[in-house]
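All remarks here apply to the structure that follows.
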Amino acid sequence: MTPLLPGFEEVSSVRGGVRVRALAGGDGPPVLLLHGYPQTRAMWHRVAPDLARGHTLVLADLRGYGDSDRPADTPGHEPYSKRAMAADQVALMGSLGFESFAVAGHDRGGRVAHRMALDFPERVRSVAVLDIVPTLHMFEHVDRAMASSYFHWFFLSLGSGLPERMINADPAGWLRSRFEGRHAGAWPFDERAMAEYERCFSADATCADYRAAASIDLEHDTADRDSGRLVRAPLLALWGELGYVGRNFDVPAVWRHYAERVTGVPVRADHYVCEEAPSDVSGALSAFWAGT
């Protein structure tokens with residue numbers, strides 16, 4: 001990790017017996033950065049140096065990912081709900097002395113950030129979601145394109161144990177498949193980061209994450225919509241215009257059904273925007289935070 005993110009120090013906190021680990025560094029207002037699947041905090045290595053010049057960054061591993069703990073799942077998948085993941089990260093920031101902060105999340109991390117902004121409005125100053133539309137919206141708009149591009153949502157959420165058995169037969173091959181075909185142009189991924197993803201990957205924990213997304217997370221999201229509960233903090237929706245999300249949704253328009261104040265910024269990339277267009281991402285995030 002050191003060659004990828006020099007100058008950052010290890011930090012951690014424990015909530016409910018689950019330890020989450022992170023790297024912290026930089027100087028300025030606090031920002032929590034959350035990764036997606038099947039990555040770790042290492043995915044921020046190309047944008048963190050720029051952002052750290054004006055912000056104190058906390059690059060966290062979600063529970064079940066990276067070097068954070070992997071609690072056993074339950075039949076209701078509560079341990080891997082985005083509500084539990086969000087509470088972990090709020091506790092981490094509080095342990096570092098940050099009672100309020102900005103949060104940005106890519107992919108799964110964006111879904112955790114969305115839930116955090118709903119459950120902890122007094123703690124979240126602003127929220128940035130990278131290359132996603134809300135989970136509820138995705139599940140309610142399944143078509144052939146979605147099922148083809150996001151087939152892993154349905155595969156990983158199967159409860160038979162089949163996904164774990166198949167993935168564990170060739171975990172490195174599975175991981176590579178998640179990156180191949182979901183980036184624009186030449187291979188943008190640092191092999192040191194890829195090695196980190198392979199070192200930390202858990203089929204059991206990450207399948208539990210997707211099972212939660214297809215069950216308890218939808219219950220929480222539906223309850224919020226039915227009650228008219230929206231994200232109150234300023235929200236930046238940033239997406240790769242060459243990927244599935246950019247091709248199939250009016251991203252800001254979708255998010256305006258879920259948040260009160262939405263800014264939209266596309267970048268020239270597919271799904272992995274932080275690796276494909278790091279300067280565009282860091283510039284958009286910095287500009288957003290400067291205005292909130």
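The values are calculated or read from the model by the stated rules, or taken from the named source; none is laboratory data. Note that the structure is predicted; figures quoted are calculated from it, not measured. Counting neighbours? That spans all protein chains shown, and the Cβs are built from the backbone with ideal geometry, glycine included. These area figures cover heavy atoms from the full protein model, side chains too; ligands, DNA and RNA do not enter into them. Shrake-Rupley method; radii C 1.70, N 1.55, O 1.52, S 1.80 Å.
Quick notes
- The combined condition, being within 20 Å of Met116 (Cα to Cα) and open to solvent by 20 Å² or more (accessible area, probe 1.4 Å), is not fulfilled by Asp50.
- Unmet criterion (only one of (1) at pLDDT 95 or above; (2) farther than 24 Å from Val142 by Cβ) for Tyr258: (2)
- Selection of the stretch 53-72 for residues being open to solvent by less than 10 Å² (accessible area, probe 1.4 Å) and β-branched (Val, Ile, Thr) yields only Val58.
- Single condition Ile132 does not satisfy, out of (1) without any contact (Cβ under 8 Å) to a residue 24 or more places away in the chain; (2) open to solvent by less than 10 Å² (accessible area, probe 1.4 Å); (3) not charged (D, E, K, R): (1)
- Answer residue from the stretch 129-183, given it is touching a helix residue (DSSP H, G or I) at 6+ places or on another chain (Cβ under 7 Å), in a helix (DSSP H, G or I) and polar (S, T, N, Q) and is modelled with the lowest pLDDT among those: Ser149
- Residues of the stretch 207-224 that turn out to be touching a residue at least 40 places away in the same chain (Cβ under 8 Å) and surrounded by fewer than 15 Cβ atoms within 10 Å (Cβ to Cβ), as a count: 1
- No other residue among Asp119, Asp170 is without any contact (Cβ under 8 Å) to a residue 60 or more places away in the chain, exposed (fewer than 13 other Cβ atoms within 10 Å of the Cβ) and charged (D, E, K, R) apart from Asp170.
- Count of residues meeting criterion [of a type in the set (A, V, I, L, M, F, W, C) and open to solvent by less than 30 Å² (accessible area, probe 1.4 Å)] in the stretch 174-206: 8
- Residue pairs meeting the criteria (Cβ under 8 Å; at least 6 apart or on separate chains; first of a type outside the set (A, V, I, L, M, F, W, C), in the stretch 146-166; second open to solvent by less than 20 Å² (accessible area, probe 1.4 Å) and assigned to a loop (DSSP other than H, G, I, E, B)): none
- Selection within the stretch 252-292 - without any contact (Cβ under 8 Å) to a residue 24 or more places away in the chain and buried (at least 17 other Cβ atoms within 10 Å of the Cβ): Pro252, Asp280
- Helices (runs of 4 or more DSSP H) completely within the stretch 199-292 that count 2 or more residues being over 18 Å from Ile132 (Cβ atoms): 203-213, 216-226, 278-290
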